[in-house]
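A short write-up of the structure that comes next.
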Amino acid sequence: MSQADHEAEAPATPHLDFAGTTPYEDYVQADVLTHLQHPRSDDPGEMVFLVTTQVMELWFTVIVHEWETASRALAADDVPRAVAALKRSVRELDALNASWRPLGQLTPAQFNSYRAALGEGSGFQSAMYRRMEFLLGEKSASMLVPHRGAPRVHAELEKALHEPSLYDEVLRLLARRGHPVPRPVLDRDVSRRYEPSPEVEAVWTALYAGDENDELARLGEALTDVAELVWRWRNDHLVATRRAMGSKAGTGGSAGVAWLERRARKNVFPELWTARSHV
Ligand code: HEM
């Protein structure tokens, strides 16, 4: 084979010349994203704490997007589209939870090296995490208070507070499909925390005792996968916190581990868990 033939067969190399910024940059904004890291101490370990937090914020954003897609699909009676979005979110929750790895073994001395630099900053003030909780039915108007000084964030959270949660949309769909979801549950004030109902538990019990391949039974399992992985995130956070700071008070002003323990004890989509005892 001549040199010319060889060159003719060589795979094409990527383009190098662009008039302005690269098309990759125009789409990904990597230059913006990789210059948003401003550590507040000289400790070399602070960078991974900051970036892990930012990475988790990005996953929260994707997951909120999936759950909002699922909610809209349920409202339009499109269960397959809702289940597809929920299943994507399950894989994203796995990736979110895997990002605990770099922080999972922090010692108190390591955390102390930059803890003071965080001031009163705490993940408790994460608005995107709060939107996740709101979509799960864990609504609370007081969680808007920390965001009064940030109009866009506050407006987005306020809108999310007054919209039906993902679980409200699930229950409305069950009712439209003929399941006996009680009127007060359907007409509830959606800006309040969802409280479990024995009648809703009975609906899930019936669905779980029936055909496993029923569309609604599969929706229930996808929601259970979501609930389990949210619970895992809370528990991984709790254990990482216990390792990094024992029972000291949190930077956000809470009792720390004792407060997080109480939060982690809450079941996501409660009837989906309690119904299992009756099948
Ligand atoms: C090992 C490092 C971490 C420690 C020691 C820690 C500690 C704490 C503590 C003590 C609280 C309770 C509120 C307070 O008083 O501050 C809290 C809440 C919270 N943290 Fe962390 N945290 C860590 C890492 C993270 C990361 C990487 C994220 C990701 C965004 C995060 C997100 C949250 C959220 C969302 C809450 C509120 C939970 C709720 O409302 O139930 N934390 N954290």
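Below is a table of values for the structure above.
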item: Hey, residue 239 more than 9 Å from the ligand (Cβ to nearest atom), in a helix (DSSP H, G or I) and over 22 Å from the mean Cα position of the chain (by Cα) or not; result: no
item: Residue match in the stretch 195-216 (condition: within 16 Å of the ligand (Cβ to nearest atom) and in contact with a helix residue (DSSP H, G or I) (Cβ under 8 Å, 6 or more places away or on another chain)); result: no
item: Which listed residue is near the ligand (Cβ under 7 Å from one of its atoms) and of a type in the set (Gly, Ala, Ser), from 220, 246, 252; result: 252
item: Matching residues in the stretch 58-107 - criterion: being in contact with a helix residue (DSSP H, G or I) (Cβ under 6 Å, 6 or more places away or on another chain) and either assigned to a loop (DSSP other than H, G, I, E, B) or of a type in the set (Asp, Glu) (or both); result: 66, 92, 99, 100, 102, 103, 104, 106
item: Enumeration of residues in the stretch 105-134 that are among the hydroxyl-bearing types (Ser, Thr, Tyr) and over 21 Å from residue 44 (Cα atoms); result: 126, 129
item: Residue match in the stretch 261-279 (condition: within 9 Å of the ligand (Cβ to nearest atom), at pLDDT 95 or above and more than 22 Å from the chain's Cα centre (by Cα)); result: no
item: Total residues in the stretch 248-265, condition polar (S, T, N, Q) and not in a loop (DSSP other than H, G, I, E, B); result: 0
item: Residue in the stretch 92-104 that is nearest to the ligand (Cβ to nearest atom), counting only those that are surrounded by 16 or more Cβ atoms within 10 Å (Cβ to Cβ) and either hydrophobic (A, V, I, L, M, F, W, C) or under 14 Å from residue 40 (Cα atoms) (or both); result: 103
item: Filtered residue count, the stretch 105-123, keeping only those that are near the ligand (Cβ under 8 Å from one of its atoms) and either surrounded by fewer than 18 Cβ atoms within 10 Å (Cβ to Cβ) or under 18 Å from residue 268 (Cβ atoms) (or both); result: 2
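Rundown of residues vs (1) in contact with a His (Cβ under 6 Å, 6 or more places away or on another chain); (2) closer than 19 Å to residue 224 by Cα; (3) touching a residue at least 40 places away in the same chain (Cβ under 8 Å), yes/no style:
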| position | (1), (2), (3) |
| --- | --- |
| 88 | no, yes, no |
| 92 | no, yes, no |
| 105 | no, no, yes |
| 115 | no, no, yes |
| 128 | no, no, yes |
| 140 | no, no, yes |
| 152 | no, no, no |
| 180 | no, no, no |
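The values are calculated or read from the model by the stated rules, or taken from the named source; none is laboratory data. Keep in mind the model is a prediction, meaning the values are calculated, not measured. Here Cβ is always computed from backbone atoms with ideal geometry, including for glycine, and neighbour counts include all displayed protein chains.
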